[in-house]
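Colleague: Okay, handing you the structure first.
The values are calculated or read from the model by the stated rules, or taken from the named source; none is laboratory data. This one's a predicted model, so the numbers in the text were calculated from it and none came from an experiment. Here Cβ is always computed from backbone atoms with ideal geometry, including for glycine, and neighbour counts include all displayed protein chains.
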Amino acid sequence: MSSFDLFQPSEQARVAEAFERVLRGETLKDVETVFVAKDGREIPVSGTVNSQMKEGGPFATRGIYRDITARKAVERFRSEFFHQVNHELRNPLTLIVGVLRIMTDQSDKVHPDHRRWLGMMERNANHLQKMIEDLLELTRTETGKLAVHPQPADIAALAGQIAGDFQSAAEAKRIALKTRIPPGLPPAHADPLRFRQILGNLIDNALKFTPEGGEIKVSVSRPASETDSLQTSVSDTGLGIAEKDLPRLFEHLYQASSNFESRRKGLGLGLYICKTLVSRQGGRIWVESVLGKGSAFHFTLPVSLLAASGLPQGGKQGR
Ligand SMILES: Nc1ncnc2c1ncn2[C@@H]1O[C@H](COP(=O)(O)OP(=O)(O)OP(=O)(O)O)[C@@H](O)[C@H]1O
Ligand SMILES: [Mg+2]
């Protein structure tokens, strides 16, 4: 029996090629392959392979492998889950939301009670749609499939637009939504769609955790201490967050115990997605909060070097 018999037959050509590289002195890390046990069972493994050299030539090769059956099962489950959610939940819901929108547009033709019910259905369907999108984003994050396309983006203008989109929701809750965005800020190196998603999540939270009569402020600035970054902040005069909750706030599915009443209206994914998106764009995100007084969430994104260089920029703005 040669050591090649350990590997699944379909893997043997790849293994032979890997051995060639190892014999030339390379160390291969995180190599994934499939072993065949004596009873014929296939075992997915991951490991490091290298060779020990003596007098300039290979003397022995060594492979240390770990059984990754459990990890593979989780990956398979994630991928199936993603597929299921996409087809079984998202697609029909998109249809429902579309039809509801058409019906709401024609709601002057229906009885006032029905109009109220239509509004209720649309709000709930939208909420369900957001939760499904967040679940899909979580799966994309964990499978490394979260797409981010940074480009020179005028995030100051975008922030103004995004805050404007939330104005009617703020008015409905009698919350003053203000912006502080000075003119002349440079473009950031950021994905405009993802910027919208991050800021949208933060404003959505601020609205959710600020009682009627409160105030929310959205600002963009170029911090004096970090001039190669732009800082976007959302501050509110809401419930605030207890100190003990702060360190875990950006973990997925974490919801602060102090906001028990409002936390049921979500999954606890928004901040985790924000954190992933900000760090994928080279920035950082953090929070300052005092329980009972309010919170301020801040995130940075790098200033676009391309825009500063005066070179042609390519890419689309305001996607
Ligand atoms: N502006 C805020 N004021 C007070 N608490 C907040 C604020 N933003 C977030 N939190 C706390 O952080 C938790 C996590 O926020 P996150 O956005 O991740 O989840 P969520 O809003 O509860 O649900 P989802 O975003 O998935 O709809 C919230 O449940 C809440 O306890
Ligand atoms: Mg949220």
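Colleague: Could you pull out every one of the helices (runs of 4 or more DSSP H) wholly within the stretch 126-229 that has 2 or more residues that are in contact (Cβ under 8 Å) with a residue 60 or more places away in the chain?
Modeller: 155-165, 192-208
Colleague: Taking into account only those residues within the stretch 292-319 that are modelled with pLDDT of 95 or more and either within 15 Å of the chain's Cα centre (by Cα) or among the aliphatic types (A, V, I, L, M) (or both), which is nearest to ligand 1 (Cβ to nearest atom)?
Modeller: It comes out as ALA296.
Colleague: Go through the stretch 103-121 and report how many residues are of a type in the set (S, T, N, Q) and surrounded by 13 or more Cβ atoms within 10 Å (Cβ to Cβ).
Modeller: 2
Colleague: Here are some residues: LEU95, LEU100. Which one is buried (at least 16 other Cβ atoms within 10 Å of the Cβ) and of a type in the set (A, V, I, L, M)?
Modeller: It is LEU100.
Colleague: GLU80 versus (1) exposed (fewer than 10 other Cβ atoms within 10 Å of the Cβ); (2) within 30 Å of MET121 (Cα to Cα): which is the lone unmet condition?
Modeller: Failing condition for GLU80: (1).
Colleague: Suppose we keep only residues that are in contact with a Ser or Thr (Cβ under 6 Å, 6 or more places away or on another chain) and more than 16 Å from ligand 2 (Cβ to nearest atom) within the stretch 201-217. Which one would you say is farthest from VAL287 (Cα to Cα)?
Modeller: Filtering first and then ranking leaves GLY214.
Colleague: Sort out which residues of the stretch 241-259 are more than 6 Å from ligand 1 (Cβ to nearest atom), at pLDDT 85 or above and assigned to a loop (DSSP other than H, G, I, E, B), and write them in order of number.
Modeller: ALA242, PHE250, GLU251
Colleague: While we're here: Can you tell me which residue among SER262, SER289 is surrounded by fewer than 21 Cβ atoms within 10 Å (Cβ to Cβ), within 9 Å of ligand 1 (Cβ to nearest atom) and either closer than 28 Å to ARG174 by Cα or at pLDDT 95 or above (or both)?
Modeller: Every option except SER262 fails the conditions.
Colleague: Now a separate question. Report yes if some residue within the stretch 236-258 is in contact (Cβ under 8 Å) with a residue 40 or more places away in the chain, within 16 Å of ligand 2 (Cβ to nearest atom) and closer than 19 Å to ASP165 by Cβ; otherwise report no.
Modeller: yes
Colleague: Failed condition for ALA206, given (1) surrounded by fewer than 20 Cβ atoms within 10 Å (Cβ to Cβ); (2) within 16 Å of ligand 1 (Cβ to nearest atom), with all others met?
Modeller: The number of the failed condition is (1).
Colleague: Moving on. Would you kindly identify the strands (runs of 3 or more DSSP E) lying entirely within the stretch 1-115 that contain at least 2 residues that are more than 39 Å from the chain's Cα centre (by Cα) and over 30 Å from GLY144 (Cβ atoms)?
Modeller: Answer list for the stretch 1-115: 42-54, 57-67.
Colleague: Output the residue which, of all residues in the stretch 122-160 that are polar (S, T, N, Q) and surrounded by 15 or more Cβ atoms within 10 Å (Cβ to Cβ), is nearest to HIS189 (Cα to Cα).
Modeller: If we filter the stretch 122-160 for residues that are polar (S, T, N, Q), which is where we start, we get 124, 126, 129, 139, 141, 143, 151.
Narrowing the set further to residues that are surrounded by 15 or more Cβ atoms within 10 Å (Cβ to Cβ) leaves 129, 139, 141, 151.
On the way: GLN129: 29, THR139: 25, THR141: 21, GLN151: 5 Å.
That would be GLN151.
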